[in-house]
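Take a look at the structure set out below.
Bear in mind that the values in this text are calculations on the coordinates, not laboratory data. Because the structure is predicted, anything quoted here is derived from the model rather than measured. All Cβ positions, glycine included, derive from the backbone under ideal geometry; neighbour counts span all protein chains shown.
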Amino acid sequence: MQQKRVALVTGANKGIGLEIARQLAEADVDVIIGSRDTERGRAAVEALASQKLVAQFVRVDLDDLASVEAAATTIRSDHGKLDILVNNAGIFDFADAPPSTASIEAVRRVMDINFIGALAVTQAMLPLLREAAVGRIVNLASSLGSLTLNADPGSTYYSQRYIGYNASKAALNMLTIQLGEELRGTGIVVNSVSPGFVKTDLTGYGNMTPEEGARLPVQYALSGEQTGSFVEPDGTTPW
C-alpha cells in the first residue's frame, strides 16, 4: 500500500491557507495545519473534521524560530517525511506605504514574517522533503512582488506602492529562484504561485473567493513538475 503524501500549510487556520488545506485533504493528502495561534489552529482542524476531512495541528509561528524547529521535530516523529510545503503564512501592515513615508518598523516586521519566516520554515523542512519521493514547495507569491509590474505604468499594480509588502514578495521570489536552482535534479521542485486577487482578512477586498484562489497553489502542490517559476491563474508572471 502506497504511503499517503504529507503536506504542511503555514497560516492555514483561515482564509486561503485553510482552503488550500481543505482541498489537499480532499485529494487524500495527510494535511498539517500550521498556525501561530493554537486555539485557531485546532478550530481549523475541527472545521475540516465537520466536513469529514482529517487534519492535524502543529504550532508554527514565523516570528519564533524555536516553534519552527519544534514543528519539524513533530512532523518527523509523526510522519518521517514531508511531501509538500506550502509557505502561505504572511502579513500586511497598514503602516506600510511608499518608500518615503513607510514605517520602518512595519517594513521590518513584514519582511521578517513574509520572507525571513518563510526561509526559516523552508530550511527546517528541507530534510523532511528530502525523505519524500517527490518534494514540492509552493511559495504563495503576489503580483505585487513582480519588479516588472511595479515598474510598468500600464499595470494594475503600478500604483500599489507598499515598499515592505511588495519587497517581501519580491524577496520570496528570489528564494524560489535560488532554491529551485540549488535543488535542481534532487526531486524537489520550488515555485512561486500567485493565487490571484482573493478576498481575505489580509486584503479586505478582491474578486476571487478563497476556494477559487486555492486552486492554483493546490495544483502545483499536487502535480507541479517545473521548478523556479512564477505563475498566476492567467499564466506566467514576469519577475
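Some observations on this one:
- Rounded to 0.05, the FRET efficiency of the Ala95 and Glu69 pair, given R0 = 41 Å and the Cβ-Cβ distance, is 0.85.
- Close amide H partners of Arg36, meaning residues 5 or more places away or on another chain with modelled amide H under 5 Å apart, are Gly11, Val60.
- Shape annotation for region 1-107: C-alpha extents along the principal axes are 59, 28, 23 Å, from largest to smallest.
- Here is the list for region 139-237: trypsin sites (Lys or Arg not before Pro) lying in DSSP coil, each with at most 13 other C-beta atoms within 10 angstrom of its C-beta, are Arg184.
- Charge dipole (the chain, unit charges on Cβ, about Cα centre) - positive-most of Ala72, Val198, Ile113: Ala72
- When Leu62, Leu48 are arranged by Cβ crowding within 10 Å, least crowded first, meaning fewest neighbours, the order is Leu48, Leu62.
- Dipole in debye (nearest 20) - the chain, about Cα centre, beta carbon charges: Lys, Arg +1; Asp, Glu -1: 220
- The chain: calculated mean residue ellipticity at 222 nm from DSSP helix runs of at least 4, using -39500 (n - 2.57): -12500 deg cm²/dmol
- Total lysine pairs whose alpha carbons fall under 28 Å of each other in the chain (8 or more apart, or interchain): 11
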